[in-house]
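Chemist: Below you'll find the structure I mean.
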Amino acid sequence: MENLTIINHPLIQHKLTEMRKKTTSSNHFRTLLKEISLLLAYEITRNLPMETISIETPLERYEAPTLAGKKLALISILRAGNGLLDGVLDLIPSARVGFLGLYRNEKTLQPVEYYSKVPGDLSNRVCIAVDPMLATGGSVSFAVDYLKKKGAKDIRFLCLLAAPEGVEVMQKNHPDVKVFTASLDRSLNDIGYILPGLGDAGDRLYGTK
Ligand code: PRP
Ligand code: URA
């Protein structure tokens, strides 16, 4: 799985275990996801393009490193993507933000689009799509197709849990997109849920069911 990076930090793993517990409240689940997303964002942005600028410190002139190029774009795959977006945006507050509303048809497991609004000029931006769950890979494949049609060239995907089936689909459909996750779980069950997983991320975040 060359396209996959597993971010195996002890704090992330500890918080993820709390999230998986079925007794964890929505309030606590949201807080944990926000905390984890800060740590994941740190890794996914590790190799952002840099340049140097000339600045004056109080003591002398210095050629200082700074982020290069246009502000990056964060694309939240609604609705659960917003649970990751909040933390990543705290770390990168100047990022541009787009939304792609998708839900999985419960029978076919195919994504259905219901909303989209993304920054207009994606071609020169690093685009980070966020969604906590990579299950069959249908939703993120659809999202990446959409972003490529809008001109995006450098696309990364950040999730919390990934199933091997979904990672393979991404490798086949979008080998250029690097996938970052906190855990590669075992497999999908017969209705497309990740095992051991954490259940329905959107429902757990927002207390619906
Ligand atoms: C969940 C999740 C992903 C999708 C993953 O969303 O947040 O978007 O399922 O499944 P896939 O890899 O098989 O496509 P869901 O459709 O439940 O919508 P929600 O975020 O509104 O709850
Ligand atoms: N979407 C979720 O929210 N959870 C899963 O386990 C699979 C898809």
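The values are calculated or read from the model by the stated rules, or taken from the named source; none is laboratory data. None of these values were measured; they are calculated from a predicted model. Surface areas here come from the heavy atoms of the whole protein model, side chains and all, with no ligands, DNA or RNA. Shrake-Rupley method; radii C 1.70, N 1.55, O 1.52, S 1.80 Å.
Chemist: What is the antiparallel percent of DSSP beta bridges lying wholly in the chain, to the nearest 5?
Modeler: 40 percent
Chemist: Let me ask something else. Hey, what do the phi angles of the stretch 194-205 turn into as Karplus ³J(HN,Hα) couplings, whole Hz, using 6.51/-1.76/1.60 and θ = phi - 60°, x for Gly and Pro?
Modeler: 6, 10, x, x, 8, x, 8, 4, x, 5, 6, 5
Chemist: Roughly how many percent of the accessible protein surface of the chain is carbon and sulfur, given a 1.4 Å probe and a whole-percent answer?
Modeler: Whole-percent figure for carbon plus sulfur exposure: 53.
Chemist: For the stretch 33-47, in order, what is each residue's ³J(HN,Hα) by Karplus, 6.51 cos²θ - 1.76 cosθ + 1.60 with θ = phi - 60°, in whole Hz (x at glycine and Pro)?
Modeler: 5, 5, 5, 5, 5, 4, 5, 5, 4, 4, 6, 5, 9, 4, 10
Chemist: I'd like the accessible area for Glu60: 1.4 Å probe, protein heavy atoms, all chains in place, Å² to the nearest 10.
Modeler: 110 Å²
Chemist: Same structure, new question: At 1.4 Å probe size, with every protein chain present, just tell me what the per residue accessible area of the stretch 132-195 comes to in Å².
Modeler: Dividing the accessible area of the stretch 132-195 by its residue count gives 40 Å².
Chemist: For Met170, Met50, write out the residues from largest to smallest accessible area, computed with a 1.4 angstrom probe and no ligands counted.
Modeler: Met50, Met170
Chemist: Now for a separate question. Which order do Lys209, Lys178, Lys117 take by accessible area at a 1.4 Å probe, largest first?
Modeler: Of Lys209, Lys178, Lys117, the descending order of accessible area is Lys209, Lys117, Lys178.
Chemist: Among Lys34/Lys172; Lys107/Lys172; Lys15/Lys71; Lys21/Lys178, which pairs are too far apart, with a Cα-Cα distance over 26 Å?
Modeler: Violating the 26 Å Cα-Cα cut-off are Lys34/Lys172; Lys15/Lys71; Lys21/Lys178.
Chemist: A further question on this structure: Looking at the chain as a GNM with Cα springs under 10 Å, which of Asp86, Asp190, Asp145 has the largest mean-square fluctuation?
Modeler: Asp190
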